[in-house]
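A.B. asks: Below is a structure I'd like to ask you about.
Laboratory data are not the source of any read-out in this text; all were calculated from the coordinates shown. Predicted model, so just to flag it, every value in this text is computed and none were measured. Reconstructed Cβ throughout: ideal geometry from the backbone, glycine too, with neighbour counts over all protein chains shown.
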Amino acid sequence: MTKMNKEPARIWQIKEEGRDISTFFFDKGISTTPGRFVTAWIPDYGEKPFSISYEGSLGITVKRIEKDPENPMKGRFTNKFFEMKEGDYVWLTGPKGKGFPVRSFNGKVCLVGGGSGIALLAFLSKRIPAATEVVSFLGAKSIDEMIMENRFRGRVYVSTDDDSYGEKGFVTDALEKYNLESLRGSETKAAICGPEKMMYKTAEILEEYIPAENIYLSVERLMKCGVGLCGACDFGGYRVCQDGPVFTYQKIKSIPDFGKFKRNRCGGKEFL
């Protein structure tokens, strides 16, 4: 596993994955656990965490953030990536955090991803043992935002909000139409990544068939220091940057904020 401590990394390839979603590949080799992240620093713009979506040649998948006239700082860092070119440099630190326990994914596995969260699960899918039975549910707003479907093996069910591709509706709708009884078992594992409200509902659906301790979710919270000191990413007493970002549903299901609130840069609560 390669460890980086704010090292300059050159962008050697930019791959457009979907509308306003691109993967940036760096000249840094890496072998790590799916679910972990790196922090990227750009001079004059600051630092922000990004999940690892490709290993070998390190790749992070970035979604452009829609500008908000009332908040000109929104998306300032993230959208800077879309101004960069191959050959430009970003300073990287990591990998950080706790990922998915891939070695235990050796029975039946259910993957549920939404939006840009699909990228993290695509990396996970590649690392799941070959003998494992995998079924995946992927959801996006439209066909233009459906990414990396071909990186998933096994059965893949796709849904879009606007009915432009696959089933019409949310990914949770497609999940509820599936024969979930076939997933029932104490050894079955599930991994969920995407908008938190989607993850909250997905975990509720799956808990009837899969033990809560076998359902893993990748949680996103505002990270400032990234080393567990500042407390900005507090999540029911857990520090997402150190104790996560991957948690079992059993650990977080009783946290009042889960699926309902996040905190802004000033620490105030905002509805998800």
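A.B. asks: What number comes out for the charge environment of F37, summing +1 per Lys or Arg and -1 per Asp or Glu over other residues with Cβ under 11 Å away?
C.D. replies: Values: positive: R36, K48, K96, K98; negative: E220.
Local charge sum for F37: +3.
A.B. asks: Separate question: What is the sum of charges around G228, taking Lys and Arg as +1, Asp and Glu as -1, for the other residues whose C-beta is under 14 Å from the C-beta of G228?
C.D. replies: Working: positive: K96, K98, R221, K224, R239; negative: D234, D243.
So the surrounding residues net to +3.
A.B. asks: What are the GluC sites (Glu not before Pro) within the range 51-117 that DSSP puts in a loop, where the Cβ has at most 11 other Cβ atoms within 10 Å? Display every interim value, and only then the final one.
C.D. replies: Working: sites: E55, E66, E70, E83, E86; in loops: E55, E66, E70, E86.
Sites meeting the loop and neighbour criteria: E66, E70, E86.
A.B. asks: Taking the Cβ of T2 as the centre, find all other residues whose Cβ is under 13 Å away and add up their charges (Lys, Arg: +1; Asp, Glu: -1).
C.D. replies: Numbers: positive: K3, K28, R36, K96; negative: E7, D27, E55.
Overall, the nearby charge balance is +1.
A.B. asks: Who wins for biggest fluctuation among T132, T61, T78 in a Gaussian network model of the chain, springs between alpha carbons below 10 Å?
C.D. replies: Maximum among the listed residues: T132.
A.B. asks: Taking the Cα centre of the range 4-96 as origin, sum charge times position over the Cβ atoms of Lys and Arg (+1) and Asp and Glu (-1), and report the length of that vector in debye to the nearest 20.
C.D. replies: Working: 15 positive and 14 negative charges, 36 e Å.
It comes to approximately 180 debye.
A.B. asks: On a straight-distance basis, which lysines could pair with K85 in a cross-link, Cα separation under 23 angstrom, same-chain partners fewer than 8 positions away excluded?
C.D. replies: Leaving aside lysines fewer than 8 places away in the same chain, those within reach of K85 are K6, K15, K28, K48, K63, K67, K74.
A.B. asks: Another question about this same structure. I need the phi-derived Karplus couplings for the range 169-179: 6.51 cos²θ - 1.76 cosθ + 1.60, θ = phi - 60°, integer Hz, Gly and Pro marked x.
C.D. replies: For the range 169-179, the Karplus-derived couplings read x, 7, 5, 5, 5, 5, 4, 5, 7, 6, 6 Hz, x marking Gly and Pro.
A.B. asks: May I ask you to evaluate 6.51 cos²θ - 1.76 cosθ + 1.60, the Karplus curve with θ = phi - 60°, for each residue of the range 78-88 and list the ³J(HN,Hα) values in order in whole Hz, giving x for glycine and proline?
C.D. replies: 4, 6, 4, 4, 7, 9, 7, 10, 4, x, 6
A.B. asks: Among M198, M146, M84, whose mean-square fluctuation peaks in a Gaussian network model of the chain (Cα, cutoff 10 Å)?
C.D. replies: Between M198, M146, M84, it is M84 that shows the largest mean-square fluctuation.
A.B. asks: Let me ask another. Which value at 222 nm does the chain reach when only helices count, each DSSP H run of 4 or more adding -39,500 (n - 2.57), with the total divided by all residues and rounded to the nearest 500 deg cm²/dmol? All intermediate terms of the calculation are to be shown ahead of the outcome.
C.D. replies: Working: 6 runs with 41 residues, N = 272.
The helix contribution divided over the chain gives -3500 deg cm²/dmol.
A.B. asks: Okay, moving on. Where does each of R10, R151, R265 land when they are ranked from fewest to most other beta-carbon atoms within 10 angstrom? List each step's numbers first, then the result.
C.D. replies: Values: R10 13, R151 18, R265 9.
Ordered from fewest to most neighbouring Cβ atoms within 10 Å, R10, R151, R265 come out as R265, R10, R151.
A.B. asks: Let me check I have the definition right: for the chain, take the eigenvalues of the Cα gyration tensor, multiply each by 5, take square roots. What are those semi-axes in whole Å, largest first? Intermediate results must be reported in sequence, preceding the final value.
C.D. replies: Values: eigenvalues 156, 87, 76 Å².
That gives 28, 21, 20 Å for the three semi-axes.
A.B. asks: Which one of G228, I60, F50 is farthest out on the positive end of the charge dipole of the chain, using unit charges on Cβ (Lys, Arg +1; Asp, Glu -1) and the Cα centre as origin?
C.D. replies: Highest projection toward the positive end goes to G228.
A.B. asks: Between 0 and 90 degrees, rounded to the nearest ten: what's the tilt of helix 118-127 against the longest Cα principal axis of the chain?
C.D. replies: 70 degrees
A.B. asks: Moving on to the next point. Identify the trypsin sites (Lys or Arg not before Pro) of the range 181-255 meeting these criteria: DSSP loop state and at most 10 other C-beta atoms within 10 Å of the C-beta. Provide the component values of the computation, followed by the final result.
C.D. replies: Working: sites: R184, K189, K197, K201, R221, K224, R239, K251, K253; in loops: R184, R221, K224, K253.
Hits after loop and neighbour filter: nothing returned.
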